[in-house]
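Presented below is the structure to which this report refers.
The values are calculated or read from the model by the stated rules, or taken from the named source; none is laboratory data. These figures come from a predicted structure and were not determined experimentally. In this analysis, Cβ positions are derived from the backbone assuming ideal geometry, glycine residues included, and neighbour counts consider all displayed protein chains.
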Amino acid sequence: MNTQYYDDIIIGGGKAGKTLAPALVADGRKTALVERSLNMIGGGCINIACIPTKTMVASANVANTVRNSAAYSVKANAPIVELAQVIQRKRTLVQGMREMNLHNLETALGHELIIGTGRFVAPKTLEVTTALDTTRLLTAERLFINTGTRPLIPSVPGLMEAGFLTSESIMELEYLPEHLIVLGSGYIGLEFAQMFRRFGCRVTVIGQSEQILSQQDPDMAIAVQRLLERDGIEFLLKTKVLRVDGAGNETILQIQVADRLLSLQGSHLLVAVGRAPNTDSLNLAAAGVATDIRGFIQVNDRLETNIPGIWALGDINGGPQYTHVSLDDYRIVKANLIDGSDRSTGDRLVPSCLFIDPELAHVGLTETEARQQGYAIRLTKLDASAIPRAKTLGQTDGLLKAIVDTETGRILGCSLLCHEAGEVISTVQMVMQAQMPYTVLRDSILTHPTMTEGLNMLFSKL
């Protein structure tokens with residue numbers, strides 16, 4: 001078999017890979033991008049994650065608004081959710097973005113966009129089985145691994161036989177479950193829990209920890225749980241699933257809650273306990289690339305693996321699993337390899353957002369983390385109901401919280417549970433990145449009435 005030589009090969013066309021490829025080509029590098037499927041062009045974000053889920057969240061929130069329209073003195077009939085049409089709307093939007101990404105990659109790469117599955121057969125040599133069932137050998141001076149993650153499936157007796165939904169397959173379900181059981185109380189599980197509750201389903205969330213959102217401070221996690229319980233979602237926490245059985249159209253979970261053994265019956269089970277890396281099919285041993293115990297590729301702060309000339313970008317490297325982080329991985333590599341700069345992951349400030357309603361956005365340290373790291377801190381909290389804009393919108397649920405360094409006055413971290421929190425958190429992030437004191441947000445003239453104005457109020461409480 002003839003070996004084809006490239007300057008650079010990118011394995012996986014997620015956010016980092018699809019953005020890096022045109023930049024390398026523009027830099028005069030002969031570049032190939034290997035993507036496993038045309039249905040994954042553009043990566044997980046637009047095909048199976050951010051874009052499709054938020055499209056469906058939008059439909060769920062419209063249903064909720066109609067259901068509660070009387071609170072705005074507007075009479076409306078009870079919403080009828082046509083889930084098949086919600087799914088079709090999602091598919092149409094995803095298909096449009098996929099086609100746009102395909103056009104961009106084909107324009108930049110031409111026939112060097114290779115649809116197929118690659119595996120290492122030597123340190124810098126890939127064997128690619130193409131979509132046409134042919135085999136190609138590719139080698140390059142530099143390789144960039146960007147193969148992403150997939151739903152993590154826990155080892156629970158009977159689970160595989162009983163059947164279950166994942167965050168991917170549930171977005172192809174064209175009828176409403178009677179009772180959806182969600183295994184997992186993190187970001188993915190909670191977004192789908194509220195979505196399907198607002199579509200009209202009974203929903204029960206099972207969590208292994210004593211609180212939902214285990215990375216958040218307890219007060220913020222409790223505030224989120226209370227909001228979701230008010231939506232009608234049931235929670236079983238500190239729970240261990242002992243066994244799963246299928247019986248006709250029902251799924252039955254044998255669970256342990258504290259010292260009690262219970263049986264929980266539902267029509268559908270969604271497994272949302274995390275993500276597993278797509279490294280098992282890469283044959284990384286042939287390249288000598290090291291992974292951690294979970295299978296994520298180990299990298300340094302410049303995203304270099306232990307093998308010179310091989311980088312790992314995006315979710316696959318074990319960092320925060322956000323599209324905006326994958327994009328910043330691209331920026332780091334481009335800066336170091338193309339622009340002649342010197343960038344690393346060491347100084348980046350990563351925001352996050354849980355897209356429930358209201359949203360929970362966070363940046364920086366939690367209170368728990370700040371105390372563990374030995375900071376002398378000041379805390380400020382504000383009920384979202386105090387914000388004038390929240391009152392006009394009828395969106396008064398939530399809690400705003402910030403942690404400030406007593407010595408410097410700088411903001412160490414901020415959590416916002418309120419309407420449009422994902423937008424408002426960016427203002428806090430900019431102040432933190434500029435290393436300005438909290439008084440900038442306390443004293444700035446912010447537009448009235450807006451949700452961002454709530455930052456004036458939050459920091460005025462210090």
On the basis of being crowded, with 22+ Cβ neighbours inside 10 Å, under 23 Å from the mean Cα position of the chain (by Cα) and part of a loop (DSSP other than H, G, I, E, B), does Val350 make the cut?
no
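What about Met220, is it in contact with a Ser or Thr (Cβ under 9 Å, 6 or more places away or on another chain) and under 16 Å from Pro151 (Cβ atoms)? Working first, answer last.
Details: in contact with a Ser or Thr (Cβ under 9 Å, 6 or more places away or on another chain): yes; under 16 Å from Pro151 (Cβ atoms): no.
Here the answer is no, as Met220 does not meet what is asked.
Based on this model, can you work out whether Ile46 counts as in a helix (DSSP H, G or I) and in the same structural domain as Thr125 (by TED's automatic domain parsing)?
Working: in a helix (DSSP H, G or I): yes; in the same structural domain as Thr125 (by TED's automatic domain parsing): yes.
Yes; evaluated as a whole, the condition is true for this residue.
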Unmet requirement for Leu313, which otherwise passes all of (1) in contact (Cβ under 8 Å) with a residue 24 or more places away in the chain; (2) surrounded by fewer than 21 Cβ atoms within 10 Å (Cβ to Cβ); (3) on the phi < 0 side of the Ramachandran plot
(2)
Would you point out which residue out of Arg202, Arg197 is touching a His at 6+ places or on another chain (Cβ under 6 Å) and not assigned by TED's automatic domain parsing to the domain that holds Ser415?
Arg202
Test: residue in region 54-64 that is outside the structural domain of Gly189 (by TED's automatic domain parsing), closer than 19 Å to Thr166 by Cβ, buried (at least 17 other Cβ atoms within 10 Å of the Cβ) and among the small types (Gly, Ala, Ser):
yes
Considering each residue of region 368-378, count those that are in contact with an Asp or Glu (Cβ under 7 Å, 6 or more places away or on another chain) and without any contact (Cβ under 8 Å) to a residue 60 or more places away in the chain, and give that number.
3
Counting only residues in region 379-421 that are touching a residue at least 40 places away in the same chain (Cβ under 8 Å) and surrounded by fewer than 16 Cβ atoms within 10 Å (Cβ to Cβ), the one nearest to Lys461 (Cα to Cα) is identified as Lys381
Verdict on Val424 being touching a Ser or Thr at 6+ places or on another chain (Cβ under 9 Å), crowded, with 16+ Cβ neighbours inside 10 Å, within 23 Å of Arg348 (Cα to Cα) and β-branched (Val, Ile, Thr)
yes
Taking strands (runs of 3 or more DSSP E) that do not extend beyond region 104-147, which have at least 1 residues that are of a type in the set (A, V, I, L, M, F, W, C) and more than 14 Å from Gly12 (Cα to Cα)?
113-122, 135-145
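Out of the residues in region 189-213 that are among the small types (Gly, Ala, Ser) and within 21 Å of the chain's Cα centre (by Cα), which is farthest from Val62 (Cα to Cα)?
If we filter region 189-213 for residues that are among the small types (Gly, Ala, Ser), which is where we start, we get 189, 193, 200, 207, 209.
Still in the list and also within 21 Å of the chain's Cα centre (by Cα): 189, 193, 207, 209.
On the way: Gly189: 20, Ala193: 16, Gly207: 28, Ser209: 32 Å.
Filtering first and then ranking leaves Ser209.
Go through the residues of region 237-244 one by one and say whether even a single one is under 30 Å from Thr139 (Cα atoms) and either under 22 Å from the mean Cα position of the chain (by Cα) or of a type in the set (Lys, Arg) (or both).
Keep residues of region 237-244 that are under 30 Å from Thr139 (Cα atoms), which gives none.
Among the residues of region 237-244, not one is under 30 Å from Thr139 (Cα atoms) and either under 22 Å from the mean Cα position of the chain (by Cα) or of a type in the set (Lys, Arg) (or both), which makes the answer no.
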Taking region 105-124 only, how many residues are under 16 Å from Asn146 (Cα atoms) and not aromatic (Phe, Trp, Tyr)?
9
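Does Ala272 satisfy being among the hydrophobic types (A, V, I, L, M, F, W, C) and surrounded by fewer than 20 Cβ atoms within 10 Å (Cβ to Cβ)? Explain how you work it out, then say what you get.
On the way: among the hydrophobic types (A, V, I, L, M, F, W, C): yes; surrounded by fewer than 20 Cβ atoms within 10 Å (Cβ to Cβ): no.
For Ala272, the condition - among the hydrophobic types (A, V, I, L, M, F, W, C) and surrounded by fewer than 20 Cβ atoms within 10 Å (Cβ to Cβ) - is not met.
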Region 155-188, subset over 16 Å from Ile48 (Cβ atoms) and within 19 Å of the chain's Cα centre (by Cα), residue surrounded by the fewest Cβ atoms within 10 Å (Cβ to Cβ)
Gly186
Condition first: under 23 Å from Arg371 (Cα atoms) and either small (Gly, Ala, Ser) or not assigned by TED's automatic domain parsing to the domain that holds Leu365 (or both). Now tell me which residues in region 400-433 satisfy that.
Ala402, Gly409, Gly413, Ser415
Could you tell me whether any residue of region 34-43 is over 30 Å from Glu112 (Cβ atoms), basic (Lys, Arg) and not in a helix (DSSP H, G or I)?
no
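Out of all the residues in region 329-347, which are among the charged types (D, E, K, R), assigned to a helix (DSSP H, G or I) and surrounded by fewer than 19 Cβ atoms within 10 Å (Cβ to Cβ)?
Going residue by residue through region 329-347, those that are among the charged types (D, E, K, R) are 329, 331, 334, 339, 342-343, 347.
Add one more test, that the residue is assigned to a helix (DSSP H, G or I), and what stays is 329, 331, 334.
Passing the criteria: Arg331, Lys334.
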